[in-house]
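Where a number appears in this text, it was derived from the coordinates with a stated rule and is not lab data. Since the model is a prediction, treat every value here as computed from it, not as a measurement. Ideal geometry is used to build each Cβ from the backbone, glycine not excepted, and the neighbour counts take in all protein chains shown.
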Amino acid sequence: MSKDPFHFLAGSICVVIVSANDNLTAKAFECKADFPLYHIVRVKSIQEADKELLKNPCHICLDDLTISQNSNKFEFLQKYGRKIPVIVIAKNGSIEDGFAAGRYGAREVISINTAFYLHRLMDAMNALFIKTFLIPDLGKLEDKLAKHCADALFDQQPDSISCWAEISDIDATYLRRKWEQWTKTKPRESLFLVNLYRRAFEYYKLAPNEKKYYNERSSTLKRMQNHFRCNRSRMMQILFRAKKVDGGRQEALYFDNISLELAINDDKIQ
């Protein structure tokens, strides 16, 4: 087995950085070494972003406002803030910028002047991915029960459907039926992926000396690895569905490339 117990997920989270700041971009790519789950693409302008987002899926966008080459620094956010989960990277903690970013759809604003800002950024990306890859816009769920069940899954960390149903205060059979209507995924699929990525994020946050003692051969982890491998096609469908601004013809090609990359990583498990 690989020393990295989650290597089969490498590159499975697609992030687009919209930034003209070479230094900030370099730091983001340095973070990728600590969180290899991320596949990072950098674009320098709105025009490049348009092409990238039409061509490939995207789970999260980072909109860098620290060096704006546009008179309207919120142009990208105004165009995509309601379509894609966006985290804004700002130069300072301007209250006005924070309100404007929120008004245009930003999920979070992080200042580069904040202590440990890279750690905060990675934490924000991890949390945002968990909350949006199944339901890109949780706030738009009209059914209050659906939002309640989603919050229970994302925030309370249930380890079984019965536990999830109990936290949500509904019958487990009813949860199974309604969740599939709301999200087009089975509850067990959603629960599995959320817990798998949550475990992966916890692992990558460990210090190098702590990773040495991680039980990568635990029976639970082995079961999760085997389940992902045996159901890879379905897992990919869930992870990459509706992750493009416009469902173009390139989606199938990109899906095949990602599936192949994960399959190669996955084979190393055996």
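Once a ≥ b ≥ c are taken as the square roots of the eigenvalues of the Cα gyration tensor of the range 29-101, is the result rounded (a/c under 1.5), prolate (a/b larger than b/c) or oblate (a/b not larger than b/c)?
oblate
Note down the net charge around Asp64, summing +1 for each Lys or Arg and -1 for each Asp or Glu among other residues with Cβ under 12 Å from its Cβ.
Spelling it out: positives minus negatives among the neighbours equals +3.
Full-extension gain between Ala127 and Arg229, please, as 0.36 nm times their residue separation minus the C-alpha to C-alpha distance.
Extra length from Ala127 to Arg229 when fully extended: 34.3 nm.
In the range 186-225, what chymotrypsin sites (Phe, Trp or Tyr not before Pro) fall in a loop by DSSP, with at most 10 other Cβ atoms inside 10 Å?
Tyr213
To the nearest 0.05, what FRET efficiency results for Lys27 and Ile95 with a Förster distance of 35 Å applied to their C-beta separation?
Values: r = 25 Å, r/R0 = 0.72.
That gives a FRET efficiency of 0.90.
Contour minus end-to-end for Leu54 and Lys144, with contour as 0.36 nm per residue of separation and end-to-end as the Cα-Cα distance?
So the extension gain works out to 29.2 nm.
Using r as the Cβ-Cβ distance of Val41 and Arg177, and R0 as 45 Å, what FRET efficiency do you calculate, to the nearest 0.05?
About 0.75, to the nearest 0.05.
Around Ala124, under 10 Å between beta carbons, what's the net of Lys plus Arg minus Asp minus Glu among the other residues?
Residues near Ala124 contribute 0 overall.
Over the range 157-211, what is the mean sequence separation of C-alpha contacts under 8 Å (at least six apart), divided by residue count, expressed as relative contact order in percent?
With pairs under 8 Å counted, the relative contact order is 28 percent.
Label-point separation (nm) for Gln157 and Tyr214, each offset 7 Å from Cα along Cα-to-Cβ?
Output for this residue pair reads 1.5 nm.
Taking a ≥ b ≥ c as the square roots of the Cα gyration tensor eigenvalues, with a/c under 1.5 meaning rounded and otherwise prolate when a/b beats b/c, else oblate, which class fits the range 20-67?
Oblate, since a/c reaches 1.5 and b/c is not below a/b.
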